Amino acid sequence: MDFGTFFNSKALFQNYTSLEGYEPFYLVAYENDTLAAHWLLVIIRQSKNIPSMLSSRCMAYGYPEISSGTNQLNVIDAMLSKLTAVLHRKVLYAEVRQVNYHTLFTPLFIQHHFKSISWLNVVNQLPQTTGEAFKKLSDGKRRQIKNNERLGLEVRPAASHQEVIAFLQILQQLYAHLAKPLPPLRFFTQFYEIACQQGNGVILIATYQNKILGGIVCPTDTSILYEWYICSDNKSYRRITPGVSLTWGAICYAVENGFRVMDFMGAGKATRPYGVRNFKLSFGGELIPVLRYRYKTTPLAYFMIHTVLSPFRNWLIKQKNRRQVMNTY
């Protein structure tokens with residue numbers, strides 16, 4: 001296969017295969033015995049003690065990759081038919097994230113009982129130099145970056161497993177507090193070992209007085225750098241803002257390595273306020289509409305778990321995240 005994006009890549013597939021509770025698979029389409037399309041998806045099981053169809057979800061980022069000259073609508077139609085059959089009684093729901101508006105594809109997803117959800121994203125079209133990129137920032141962000149640099153905060157690529165793990169301890173604590181699902185530690189250490197070494201991404205860390213205060217995980221394609229996971233310790237030192245310098249560091253890394261776009265990977269649901277949205281926009285990007293598609297294999301069970309049983313579901317996620325934090329130390 002020729003991989004156009006990281007989120008359909010062999011590197012990500014291999015990473016998923018090594019994780020307990022993760023079941024990655026490709027949907028592939030052939031035309032006249034020639035590979036015409038492929039699509040990476042992963043089934044993630046949240047709990048061993050709850051039936052899979054009530055505790056598992058299927059995730060994908062973006063549309064399938066389809067060879068030129070192939071009828072795209074036929075491929076999407078066939079893949080969605082196969083996908084819904086494969087997932088029947090196996091997961092609670094499936095979600096396709098970070099898809100651009102495509103008037104041809106959306107009716108097919110709806111036809112196969114996916115719901116389209118309006119979402120937002122921030123995309124930064126990068127200039128040729130970091131000087132030009134700096135001018136695109138808001139006044140407040142420029143002041144914060146200069147202040148961080150004056151006080152000695154540094155952002156650079158992680159240089160060892162120990163540095164990656166130190167950053168992940170902060171990330172795990174954040175997700176445990178938010179009750180949001182997070183891949184296990186091994187997912188990120190393997191990203192460092194495989195994707196970073198093969199030129200498919202970078203992990204940047206923020207250091208201050210020999211202490212790691214955060215990091216950012218950035219997969220890359222040929223021309224795009226993605227902000228996938230980011231966190232920082234903003235409480236230990238009141239005078240510095242490591243999250244600001246981490247995002248600026250990612251922009252600098254992208255410009256210096258020839259990437260033309262920085263994709264911030266989401267800015268919240270279009271119908272709801274989202275504080276992070278303004279933070280991302282302050283780095284010079286523009287707000288663009290995107291979609292998520294969600295398919296509920298059993299709508300009644302989905303409703304019960306995500307509404308009536310939502311407190312119990314969040315408690316399970318928090319407990320799992322806390323166990324991950326404890327196992328890291």
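The values are calculated or read from the model by the stated rules, or taken from the named source; none is laboratory data. As the structure is a computational prediction, the values presented were derived from the model and not from experiment. Cβ coordinates were reconstructed from backbone atoms using ideal geometry, including for glycine residues, and neighbour counts include every protein chain displayed.
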Practice item. Find the residue count for the range 200-231, including only residues that are farther than 15 Å from Val164 by Cα, over 18 Å from the mean Cα position of the chain (by Cα) and crowded, with 23+ Cβ neighbours inside 10 Å. Key: 0
**Study point:** Matching option when the condition is assigned to a helix (DSSP H, G or I), at pLDDT below 60 and crowded, with 20+ Cβ neighbours inside 10 Å, among Asn321, Asn314
**Key:** Asn321
Practice item. Check the range 145-161 and report whether any residue there is touching a Leu at 6+ places or on another chain (Cβ under 8 Å), within 30 Å of Asn257 (Cβ to Cβ) and surrounded by fewer than 18 Cβ atoms within 10 Å (Cβ to Cβ). Key: yes
Review point. Can you pull out the strands (runs of 3 or more DSSP E) entirely within the range 171-253 that have at least 2 residues that are hydroxyl-bearing (Ser, Thr, Tyr) and in contact with a helix residue (DSSP H, G or I) (Cβ under 9 Å, 6 or more places away or on another chain)?
Key: 201-208, 229-232
Practice item. Exactly one condition in (1) assigned to a helix (DSSP H, G or I); (2) surrounded by fewer than 20 Cβ atoms within 10 Å (Cβ to Cβ) is not met by Glu20; state its number. Key: (1)
Review point. Considering only the range 245-280, how many residues are surrounded by fewer than 20 Cβ atoms within 10 Å (Cβ to Cβ), at pLDDT 95 or above and hydrophobic (A, V, I, L, M, F, W, C)?
Key: 2
Exercise for review: Report the residue count in the range 73-126 for those that are part of a helix (DSSP H, G or I), touching a residue at least 60 places away in the same chain (Cβ under 8 Å) and either farther than 26 Å from Gly21 by Cα or of a type in the set (Gly, Ala, Ser) (or both).
Suggested key: 2
Check your understanding: Do you know which residues across the range 101-125 are of a type in the set (A, V, I, L, M) and closer than 20 Å to Leu225 by Cα?
Key -> Leu120, Val122, Val123
Check your understanding: Tally time: how many residues in the range 1-48 are within 17 Å of Ala94 (Cα to Cα), without any contact (Cβ under 8 Å) to a residue 40 or more places away in the chain and of a type in the set (Val, Ile, Thr)?
Key -> 1
